[in-house]
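One structure below.
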Amino acid sequence: MKPMSVLQSFRGIMHGRPPREFVMPKSLTAPAGATPIELRPCTLDDEDELQTLRWRNQAWLSPWDSDDPLGGPGLTFNQWVRELRRRERDGSGALFLITEHGRIVGQVSLGAITYGAMRTGLVGYWVDEAVAGRGIAPLAVAIVADWAFDCPDGPRLHRIEIAIIPDNHRSRRVAEKLGAIDEGVRRQYMHVNGRWRDHESYVLFAQERPSDGLAAAFAARGQVPPSA
C-alpha cells in the first residue's frame, strides 16, 4: 500500500472535495405534528421586518451577541445578505429565517463548516422573546440538523456543535431538549458582547440520531402550544 504523505492527510482533513458542498434549499418545513414553522433563506426584502424584530428584542438578545474583537466595520443589510449568498455558494455556511404563519420569529444558522475527514459545523440560533418557551428554537435546530446530516443536497455532516455561554440557561435547554451530548467547557471560545467568553460545547452526531430524525422525534415528544 502506498503511504499517505502528511500533506495529503492534512488536505483530506481540512479540505476534502472542492467548495460548493451543498445546495441551499428554498425552504425547510416542520414535520407533521410539530409547530408549523418554516425555515427559509434571508433576502433583501426581509430588511424592515428583520430589523424591527431585532430592535424590539435588543435587550433580550444583546447579552449573547457575538462581535468582532478587532472592531472591524459593520455591514449594511445589503452587504450582509451578499455575504450570506457567498457563504452558500462556497459551502461555508447557511442561514435560515424562522417563520411562523409567514411572520419572522427568529433565525438559525449553520457555520464554520469543515469538510474532508471531519465534516463538522457550528449551529447558532435566536428567537423572538414573544415566542420563547414554545419549543420553536429546538425544533428549528433539529430541522437544520436533519437537513445537514441527511439531505442528499445538504452538507452531509457528521458532527454539529452548539456552543453556549454557561449562564445562558435558555440556550442550554435547547441543546438538552435535543439530547445533545455535553463535551465540557471551551475556554475563551468566542468573543461575545465585548469580551472573550467560555462556552459549553454540546454536540449532535449524525449516527446517534433517532431513526426518524431529530425534528420528528422532538415533535413526537410534544411541544408547548402557543398561548391564547
Sort out which residues of the range 136-170 are of a type outside the set (A, V, I, L, M, F, W, C) and more than 15 Å from the chain's Cα centre (by Cα), and write them in order of number. Asp150, Pro152, Asp153, Pro166, Asp167, Asn168, His169, Arg170
Please list, ordered by first then second residue, the pairs with beta carbon atoms under 6 Å, 6 or more apart or interchain, first in the range 30-45 and in contact (Cβ under 8 Å) with a residue 40 or more places away in the chain, second of a type in the set (S, T, N, Q) and not in a loop (DSSP other than H, G, I, E, B). Glu38/Thr29; Glu38/Thr99
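Regarding the range 115-126, can at least one residue be identified that is of a type in the set (Lys, Arg), assigned to a strand (DSSP E or B), within 20 Å of Gly213 (Cβ to Cβ) and within 17 Å of the chain's Cα centre (by Cα)? Working first, answer last.
Kept after step one, since they are of a type in the set (Lys, Arg), are these residues of the range 115-126: 119.
Subsequent filtering for residues that are assigned to a strand (DSSP E or B) retains none.
No; the residues of the range 115-126 include none that is of a type in the set (Lys, Arg), assigned to a strand (DSSP E or B), within 20 Å of Gly213 (Cβ to Cβ) and within 17 Å of the chain's Cα centre (by Cα).
Does the range 106-128 hold any residues that are among the aliphatic types (A, V, I, L, M) and surrounded by fewer than 23 Cβ atoms within 10 Å (Cβ to Cβ), and which are they?
Within the range 106-128, Ala112, Ile113, Ala117, Met118, Leu122 qualify.
Before we move on, is Arg197 surrounded by 13 or more Cβ atoms within 10 Å (Cβ to Cβ), of a type in the set (Lys, Arg) and outside any strand (DSSP E or B)? Spell out how you get there, then give the answer.
Values: surrounded by 13 or more Cβ atoms within 10 Å (Cβ to Cβ): yes; of a type in the set (Lys, Arg): yes; outside any strand (DSSP E or B): no.
Criteria not met by Arg197.
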Cβ pairs under 9 Å, 6+ apart or interchain, first in the range 188-205 and among the small types (Gly, Ala, Ser), second in a strand (DSSP E or B) and at pLDDT below 95, ordered by first then second residue, are Ser201/Tyr189
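A quick yes/no check of all residues on (1) touching a Gly at 6+ places or on another chain (Cβ under 9 Å); (2) free of Cβ contacts under 8 Å to residues at least 40 places away in the same chain; (3) crowded, with 19+ Cβ neighbours inside 10 Å; (4) under 17 Å from Ala215 (Cα atoms):
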residue	(1), (2), (3), (4)
Ala59	no, yes, no, no
Arg87	yes, yes, no, no
His101	no, no, no, no
Ala130	no, yes, no, no
Ala142	yes, no, yes, yes
Asp146	yes, no, yes, yes
Phe149	yes, no, yes, yes
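Filter the range 184-198 down to residues that are of a type in the set (A, V, I, L, M) and either over 23 Å from Gln58 (Cα atoms) or touching a Leu at 6+ places or on another chain (Cβ under 7 Å) (or both), then give me how many there are. Can you show your working first?
Within the range 184-198, the subset of a type in the set (A, V, I, L, M) is 185, 190, 192.
Narrowing further to those that are either over 23 Å from Gln58 (Cα atoms) or touching a Leu at 6+ places or on another chain (Cβ under 7 Å) (or both): 185.
Number satisfying all stated conditions: 1.
Out of Ala137, Ala94, Ala59, Ala130, I need the residue that is more than 24 Å from Met190 (Cβ to Cβ) and out of contact with any His (no Cβ under 9 Å at 6 or more places or on another chain). Which one?
Numbers: Ala137 fails: more than 24 Å from Met190 (Cβ to Cβ); Ala94 fails: more than 24 Å from Met190 (Cβ to Cβ); Ala59 fails: more than 24 Å from Met190 (Cβ to Cβ).
It is Ala130.
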Given the conditions (1) surrounded by 14 or more Cβ atoms within 10 Å (Cβ to Cβ); (2) at pLDDT 95 or above, and given that Val192 satisfies all but one, which numbered condition is not satisfied? (2)
Can you pull out the strands (runs of 3 or more DSSP E) entirely within the range 30-114 that have at least 3 residues that are within 14 Å of the chain's Cα centre (by Cα) and under 19 Å from Gly133 (Cβ atoms)? 103-114
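The values are calculated or read from the model by the stated rules, or taken from the named source; none is laboratory data. Predicted model only: the values in this text are computed from it and were never measured. Backbone-built Cβ (ideal geometry, glycine too); neighbour counts: all protein chains shown.
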